[in-house]
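**Student:** One structure coming up, written as structure tokens, with questions to follow.
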Amino acid sequence: MIKNIARVLSALSLALVPLLSAPAAQASPVPEVTTLADAVGLVKVTEEDRTGYTRSSFKHWNSGDDASDGCSTRAEVLIAEAVVAPTVGAGCKLSGGSWTSYYDGQEVSSAGSLDIDHMVPLAEAWDSGASAWSASRREAYANDQGSAVSLVAVTARTNRSKSDQDPADWMPPSPEAQCRYVGEWVSTKLRWALTADDRELEALKVYAEGPCEDTIVRYTPAA
């Protein structure tokens with residue numbers, strides 16, 4: 001009887017070993033949440049260098065987050081940001097729908113009138129650290145839908161006015177958009193561990209310590 005009990009206990013202990021030693025399920029990353037001023041303080045400062053930059057260094061638009069839907073990253077962002085959902089036709093052709101371009105407050109009813117802006121422009125990203133990345137990481141950056149602020153649908157006019165400028169040289173024309181914009185700019189820089197130059201950092205501090213001091217920044221470091 002004692003030997004049988006010992007065998008049962010031994011078998012139970014062996015059965016438990018895989019359970020005890022199995023790695024815990026990987027939890028989703030928890031976003032960092034901080035004030036704009038503290039977030040600005042986390043951005044490293046270096047000189048910028050555009051040597052070797054070409055837009056083609058960042059492959060976009062790729063097949064998006066859902067490769068089976070037939071839509072590119074551009075189309076997926078338009079669908080996600082629509083105020084009134086567009087109709088998605090063959091070949092992911094979008095018709096109808098409406099959007100609000102937050103940079104200038106304009107209501108837009110044609111997807112073709114919108115650009116998908118990289119919050120931190122590709123050239124600026126290159127200057128700020130992406131020049132050292134692999135081609136696959138640059139593609140991931142250029143198509144980043146893992147953060148709702150990395151890519152934004154805005155009027156073509158405001159996107160082209162912005163071009164590759166940082167907040168030292170360009171801000172959204174709508175004053176109501178500027179604190180949101182600065183927060184999302186800093187969030188993107190921190191998400192991708194991108195740096196800032198001196199002029200950029202000073203401009204960010206002006207907003208963080210002044211009109212945007214109540215702005216909260218949320219970001220999750222990119223994998």
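**Student:** Considering only region 186-199, state which residues are under 12 Å from the mean Cα position of the chain (by Cα), open to solvent by less than 10 Å² (accessible area, probe 1.4 Å) and of a type in the set (Gly, Ala, Ser).
**Tutor:** SER187
**Student:** What's the number of the only condition in (1) open to solvent by less than 30 Å² (accessible area, probe 1.4 Å); (2) at positive phi; (3) over 22 Å from the mean Cα position of the chain (by Cα) that VAL108 fails to meet?
**Tutor:** VAL108 satisfies all of (1) open to solvent by less than 30 Å² (accessible area, probe 1.4 Å); (2) at positive phi; (3) over 22 Å from the mean Cα position of the chain (by Cα) except (2).
**Student:** In region 43-84, which residues are open to solvent by less than 60 Å² (accessible area, probe 1.4 Å), hydrophobic (A, V, I, L, M, F, W, C) and not in a loop (DSSP other than H, G, I, E, B)?
**Tutor:** ALA75, VAL77, LEU78 - these are the residues of region 43-84 that are open to solvent by less than 60 Å² (accessible area, probe 1.4 Å), hydrophobic (A, V, I, L, M, F, W, C) and not in a loop (DSSP other than H, G, I, E, B).
Residue by residue, here is whether (1) touching a helix residue (DSSP H, G or I) at 6+ places or on another chain (Cβ under 8 Å); (2) at pLDDT 95 or above; (3) surrounded by fewer than 22 Cβ atoms within 10 Å (Cβ to Cβ); (4) of a type in the set (Val, Ile, Thr) holds:
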| residue | (1), (2), (3), (4) |
| --- | --- |
| ALA140 | no, yes, yes, no |
| VAL154 | no, yes, no, yes |
| SER163 | no, yes, yes, no |
| TRP170 | yes, yes, yes, no |
| SER174 | no, yes, yes, no |
| ARG180 | no, yes, yes, no |
| GLU184 | no, yes, no, no |
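**Student:** Can you tell me which residue within region 120-138, out of those that are open to solvent by less than 60 Å² (accessible area, probe 1.4 Å) and hydrophobic (A, V, I, L, M, F, W, C), is farthest from VAL186 (Cα to Cα)?
**Tutor:** TRP133
The values are calculated or read from the model by the stated rules, or taken from the named source; none is laboratory data. Predicted model only: the values in this text are computed from it and were never measured. Positions of Cβ are backbone-derived with ideal geometry, glycine not excepted, and every protein chain shown enters the neighbour counts. Just the protein is used for accessible areas: all its heavy atoms, side chains included, with ligands, DNA and RNA removed. Shrake-Rupley method; radii C 1.70, N 1.55, O 1.52, S 1.80 Å.
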